[in-house]
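Chemist: The structure follows.
The values are calculated or read from the model by the stated rules, or taken from the named source; none is laboratory data. All of these numbers come straight from a predicted model, not from anything done at the bench. A quick note on method: Cβ atoms are made from the backbone with ideal geometry, for glycine too, and the neighbour counts reach across all protein chains shown. Accessible surface areas use protein heavy atoms only, side chains included; no ligands, DNA or RNA. Shrake-Rupley method; radii C 1.70, N 1.55, O 1.52, S 1.80 Å.
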Amino acid sequence: MKSIRELYRIGIGPSSSHTMGPHKAAQLFYARHQDDGANRFEVTLYGSLAATGKGHMTDVAIQSAIPGITILWEPHIFLPYHPNGMRFKAYKDANLLEEWVIYSVGGGAIGEDPKSPSGIAGLAAQRSFSDSGQDIYTMSTMTEILKYCQYSGKSFWEYVEDIEGKDIWNFLSEVWHTMVASVERGLDAEGVLPGPLHLRRKANTYYVKATGYKDNVRTRGLVFAYALAVAEENASGGKIVTAPTCGSSGVVPGVLYHLWRSREYSETRMVHALATAALFGNVVKENASISGADVGCQGEVGVACAMAAAAANQLFGGSVAQIEYAAEMGLEHHLGMTCDPVCGLVQIPCIERNAYAAARALDANLYATLTDGAHRVSFDRVVEVMKQTGHDLPSLYKETSEGGLARGFTQM
């Protein structure tokens, strides 16, 4: 299992899989051909990447890396490894210099089909290319990690420090400050989000209204406002942190910002909570998927809810067993959630799902806190079921905008 640095990526929205991944792939391919006389580039986008790429600004992301590139769209052709496939070609006049098939696999990461020979000579000597680092965690299931922590008496964040080193806290401090900034920018912003839906920002209104209520309603309203603020920043192309993706980037900061402001936790405790959240997200990324195009929104918002629930439970003093239980509930109760963005935009229902999942994460935390942490269905089992459920979903429910809420929508 790789470093949590690969899970938390600081970047620009609105989509980790449809903008961040393709942009990175285009940069790599273009850099490869700076000295061989290539004067024409072409990329074919397949499956989900083609179906909702224009709404997610995939073309803008690729063209910013390779000016003048020709983009072809094939939404009904799915390459075998992943629904977000790309085929780059470089030409010198009429001669094809190189062809590279690469996939945007979620969370801003890219990789080749491990069953195919490496397609881009010089970038990787190994059989398959990935922009991620090497595996550094020897344990890759939560069952193993939980047993280790219970035996050693260590917290999840201490296990992360053992593997990643003390420098991980500098990285997570940057992540935390970026999250805080995205919440506060989103709370200040007003107006209409970009795109044909003409959707107005709501975070500022929710925040103002929530502050006028008494404790119980105010708490829930503020969590909604904070999660909406980040999700709206993402939808407008603002700077956010993938947690685990752009489309679900409002859940973790929404919950943690609320707890930080209301309970005045130290930054040290906040970055420890982020480490624990990332550990759970990493387990899902390793053993299933965090890509909406692969497994639906359960892999994005569902995983974000699990991460936030785990972080919250740790901040409230939960045992490692209670933390695992909170995360399990956060993911379990999003099983089967489809990815059906209206007009291919990360707006409807994505933004509201961030707010609702943030509230669910706090509920999962409370439920787990009232138990001793013992339960029948493990987090790993839910991850396994999530993966199978996602693969059983028809493609029209996995970020193609051809089914579910996206189907039959009439643009005003």
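Chemist: Can you list residue pairs whose Cβ atoms sit under 6 Å apart, with the first residue in the range 172-189 being within 19 Å of His272 (Cα to Cα) and the second being at pLDDT below 95? Count only pairs 6 or more apart in sequence or on different chains.
Modeler: Sorted first by the residue in the range 172-189, then by its partner, the pairs are Thr178/Ile10.
Chemist: Go through Tyr148, Tyr213 for me and flag whichever is in a loop (DSSP other than H, G, I, E, B) and open to solvent by 60 Å² or more (accessible area, probe 1.4 Å).
Modeler: Tyr213
Chemist: I'd like the residue in the range 327-365 that is under 19 Å from Asn287 (Cα atoms) and aliphatic (A, V, I, L, M) and, out of all such residues, is surrounded by the fewest Cβ atoms within 10 Å (Cβ to Cβ).
Modeler: Leu335
Chemist: Please enumerate the residues belonging to the range 366-392 that are among the β-branched types (Val, Ile, Thr) and open to solvent by less than 10 Å² (accessible area, probe 1.4 Å).
Modeler: Selection gives Val382, Val383.
Chemist: Of the numbered conditions (1) in a helix (DSSP H, G or I); (2) over 21 Å from Phe171 (Cβ atoms); (3) small (Gly, Ala, Ser), Gly336 fails exactly one; give the number of that condition.
Modeler: Answer for Gly336: the failing condition is (1).
Chemist: Would you mind finding the one in Ser395, Ser401 that is open to solvent by 40 Å² or more (accessible area, probe 1.4 Å) and of a type in the set (Gly, Ala, Ser)?
Modeler: So the residue among Ser395, Ser401 that is open to solvent by 40 Å² or more (accessible area, probe 1.4 Å) and of a type in the set (Gly, Ala, Ser) is Ser395.
Chemist: In the range 135-145, what residues are open to solvent by 40 Å² or more (accessible area, probe 1.4 Å) and either outside any loop (DSSP other than H, G, I, E, B) or touching a strand residue (DSSP E or B) at 6+ places or on another chain (Cβ under 8 Å) (or both)?
Modeler: Thr143, Glu144
Chemist: Given the residues Val342, Val346, Val382, which is the only one that is touching a residue at least 12 places away in the same chain (Cβ under 8 Å), over 27 Å from Pro14 (Cα atoms) and among the β-branched types (Val, Ile, Thr)?
Modeler: After applying the criteria, what remains is Val382.
Chemist: Related question: If you go through the range 258-266 one residue at a time, do you hit one that is among the basic types (Lys, Arg) and surrounded by 24 or more Cβ atoms within 10 Å (Cβ to Cβ)?
Modeler: no
Chemist: How many of the residues making up the range 74-107 are under 24 Å from Ala288 (Cβ atoms) and either in contact with a Phe, Trp or Tyr (Cβ under 6 Å, 6 or more places away or on another chain) or outside any strand (DSSP E or B) (or both)?
Modeler: 10
Chemist: Taking the condition over 21 Å from Gly247 (Cα atoms), outside any helix (DSSP H, G or I) and open to solvent by less than 30 Å² (accessible area, probe 1.4 Å), does Gly408 pass?
Modeler: no
Chemist: Are any of the residues in the range 51-72 closer than 24 Å to Leu193 by Cβ, open to solvent by 40 Å² or more (accessible area, probe 1.4 Å), assigned to a loop (DSSP other than H, G, I, E, B) and at pLDDT below 95?
Modeler: For the range 51-72, residues closer than 24 Å to Leu193 by Cβ, open to solvent by 40 Å² or more (accessible area, probe 1.4 Å), assigned to a loop (DSSP other than H, G, I, E, B) and at pLDDT below 95: present.
Chemist: To continue, here is another question. Could you tell me whether any residue of the range 15-35 is assigned to a loop (DSSP other than H, G, I, E, B), of a type in the set (Asp, Glu) and either open to solvent by 10 Å² or more (accessible area, probe 1.4 Å) or within 27 Å of Ile348 (Cα to Cα) (or both)?
Modeler: yes
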